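Reviewing the structure listed below.
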């Protein structure tokens, strides 16, 4: 009818008729050309997204690779590289969000796509496609896959920040770093899966567009039959332009793209594919894809290929190895989409997108290896070792077999590490690991459990044979000399041996028993082997102490510690207020635990420093809360364990407490045992010097128990000497003890020290101490310990 109306409008004269025909021709030509260009633009846009996806995938892979390297080494350059590559996926994320706004910000989208390394000519096409076609079939699935990458991309940034925070901290936690590496591996896998989904959807979109162009072309041919010559000229020009543009995008894509037939012959291939496989385009077009597949991977993807050939599967993605022209192997991820040849509908054609994932595979395998192996020595790590130990225990239960677990601790390694530096210590650990590995039987399992501790599982080995093997290892290390940059170091180790039998309850019990046996070997003189036996009373005591580790930690977490206080009375002026705070612990049922039970265990297993910090913070907190009591207080004595001086931040922690709670430093007197002071002489001296400058005072506790010389007191800034109670308790009846107390008091006062006598239990002892001129007394004869909170509140 439109055509008849056009004829009627032009029917009055030939000129008008020709004008109408030409006008109609031009209108149809314009419509045809416009539609063709639109389809071509869509094709180019899809190709642009595929190319951008390749860049995105590389950015994500490189980010993961460098973050893993940073987690492994702590090198700032690796973190900088990771953040540089991270801008690609992050910029793409921001570009999409800018386009998804209720009022889209296309300027921001253009800038972010540029930062994401998208080719400048492709940016307008990508924005246009997203603007008008993002809700169309296939495109919608691709955009959804893109959206689902957001949390994982943002998590990469969070992991980078947390790794940086961990490595720049004073004490990086390897466990935390390993947890972050595990998260990194997980997010990498999820991102690769979503990238694959995105590519698959875009390939389907490309297929659909190709089909649509063919259908529309036929439709226009039938409709515009009368204008065939002009229409064909225009279509030819448009298609040529489309092919050129598609060819440019095809060739510039960062991923390999190829078209093939049902026999696996290459019909077309881009330069990226040629680079990946190492062939020229001409050589590649003479080959069949199956001939490139690694022999071991020819079965990979076979069911998918058959389903695609049968029309049951539109596309599929596989990973397999291909053989390059130089004979090297390359891992690739192949996404294939099939379609019918328009010229021969019975013939299938395939479009394949091939991505080199060798580096990703290598990184994944490396991450897997690092998750189970110690980075320094290459041995199994603790987690993997415990997993294998569980397997051996299950075998012992199911087969009634006997194996052996050895816990190996290097003797005096800390001295080498502290005096020669961590580099020498690390090299020594590597050489020890190699030395131990060289003396093991085939089938035995060696692991580094942490620090200078190694674990060993002896397969099918009875206890006596295990002791012989352990003794052989001990002698080998004892006789070995390790060399590093001109320095020689001798070895030596203590080994605890525990049988792995069906009687063992679980791996935790086995490890605890082996650790206890090793500690007993060290306590018995080091450089020896100790076999744990059922009737081993020493080991039983050790186990009981080790059980206190969990109980003490639980008490700290559940705030089941409290404090008592005992007055330290001035023998000259009773009005002075001075006392010592004493830490106490409640068990799970609220019953009081004797200090002599949990304090030795806390010292032995390195928990005493946590208790010290708890006491110091609570003392400062309570003193601040009772200003009237604080004003009358001469000094509050707080015990400090030698374990606290093993931690470099302890001094800063104490100074921080004084500043936070505004407790006058002169109100605190720190008690340090004579043994701890001598063992940590340099650290204790630094502690006293810094806090003494603020006004704190210091008491040397249990003085005389170590039978040490008075000589070091000349240089140590100690204010008080607390005479060990073993000398004070019986001074009223024992002349030797009386003479010892008198000697310590005379020499101490000569050196300008204030003297405190402990364990004053009766008036006779108190009177004798007063006659000797001792300054202070402390003990049940003066005051029995009472609640610290009640004491400071009673004022």
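The values are calculated or read from the model by the stated rules, or taken from the named source; none is laboratory data. In this text the structure is predicted, and so the values were computed from the model without any measurement. Methodologically, a virtual Cβ is constructed for each residue, glycine included, from the backbone with ideal geometry; neighbour enumeration extends over all protein chains shown.
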- Among strands (runs of 3 or more DSSP E) completely within region 438-552, the ones holding 3 or more residues that are at pLDDT 85 or above are 445-450, 453-458, 493-500, 529-531
- Name the residues in region 578-594 that are exposed (fewer than 14 other Cβ atoms within 10 Å of the Cβ) and at negative phi, would you? 588, 589, 591, 592, 594
- residue 107 vs. criteria surrounded by fewer than 16 Cβ atoms within 10 Å (Cβ to Cβ) and not in a helix (DSSP H, G or I): no
- Query: Looking at region 780-795, which of its residues are free of Cβ contacts under 8 Å to residues at least 60 places away in the same chain and part of a loop (DSSP other than H, G, I, E, B)?
  - Reply: 780, 781, 794
- Search region 605-632 for residues being free of Cβ contacts under 8 Å to residues at least 40 places away in the same chain and buried (at least 17 other Cβ atoms within 10 Å of the Cβ), and hand back the single one that is farthest from residue 551 (Cα to Cα). 630
- If residue 632 passes every condition in (1) touching a strand residue (DSSP E or B) at 6+ places or on another chain (Cβ under 6 Å); (2) modelled with pLDDT under 95; (3) within 21 Å of residue 722 (Cα to Cα) but one, which one does it miss? (3)
- Task: Only residues that are closer than 27 Å to residue 412 by Cβ and either crowded, with 23+ Cβ neighbours inside 10 Å or free of Cβ contacts under 8 Å to residues at least 40 places away in the same chain (or both): list them for region 505-514, please.
- Result: 510, 512, 513, 514
- Residue selected from region 436-452 under the condition touching a strand residue (DSSP E or B) at 6+ places or on another chain (Cβ under 9 Å) and in contact (Cβ under 8 Å) with a residue 60 or more places away in the chain, by the criterion nearest to residue 489 (Cα to Cα): 448
- For region 461-503, how many residues meet the condition of being over 35 Å from the mean Cα position of the chain (by Cα) and more than 21 Å from residue 428 (Cβ to Cβ)? 12
- Only one of 337, 368, 398 is outside the structural domain of residue 201 (by TED's automatic domain parsing), surrounded by 14 or more Cβ atoms within 10 Å (Cβ to Cβ) and either on the phi < 0 side of the Ramachandran plot or without any contact (Cβ under 8 Å) to a residue 40 or more places away in the chain (or both), namely 337
- How many residues of region 766-781 are farther than 14 Å from residue 730 by Cβ, touching a helix residue (DSSP H, G or I) at 6+ places or on another chain (Cβ under 7 Å) and surrounded by fewer than 22 Cβ atoms within 10 Å (Cβ to Cβ)? The answer is 2
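Could we say that residue 296 is in the same structural domain as residue 279 (by TED's automatic domain parsing), closer than 15 Å to residue 361 by Cα and surrounded by fewer than 18 Cβ atoms within 10 Å (Cβ to Cβ) here?
no
So in region 260-288, with the set limited to residues that are more than 41 Å from the chain's Cα centre (by Cα) and in a helix (DSSP H, G or I), which one is surrounded by the most Cβ atoms within 10 Å (Cβ to Cβ)? Give the steps one after another, and end with the answer.
First, pick out the residues of region 260-288 that are more than 41 Å from the chain's Cα centre (by Cα): 260-269, 279-288.
Those still in the list that are in a helix (DSSP H, G or I) too: 281-284.
Working: 281: 14, 282: 8, 283: 13, 284: 19.
Residue satisfying both the conditions and the ranking: 284.
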- Going through (1) touching a residue at least 12 places away in the same chain (Cβ under 8 Å); (2) in a loop (DSSP other than H, G, I, E, B); (3) in contact with a helix residue (DSSP H, G or I) (Cβ under 9 Å, 6 or more places away or on another chain); (4) on the phi < 0 side of the Ramachandran plot one by one, residue 312 fails only at (1)
- Task: Return a yes/no flag: does region 748-755 have any residue that is under 20 Å from residue 575 (Cα atoms), at pLDDT 90 or above and in the same structural domain as residue 566 (by TED's automatic domain parsing).
- Result: yes
- Query: Any chance region 751-765 includes a residue that's surrounded by fewer than 19 Cβ atoms within 10 Å (Cβ to Cβ) and in contact with a strand residue (DSSP E or B) (Cβ under 6 Å, 6 or more places away or on another chain)?
  - Reply: yes
- Taking residue 332 as the residue in question, decide whether it is outside the structural domain of residue 70 (by TED's automatic domain parsing), assigned to a loop (DSSP other than H, G, I, E, B), surrounded by 15 or more Cβ atoms within 10 Å (Cβ to Cβ) and modelled with pLDDT of 80 or more. no
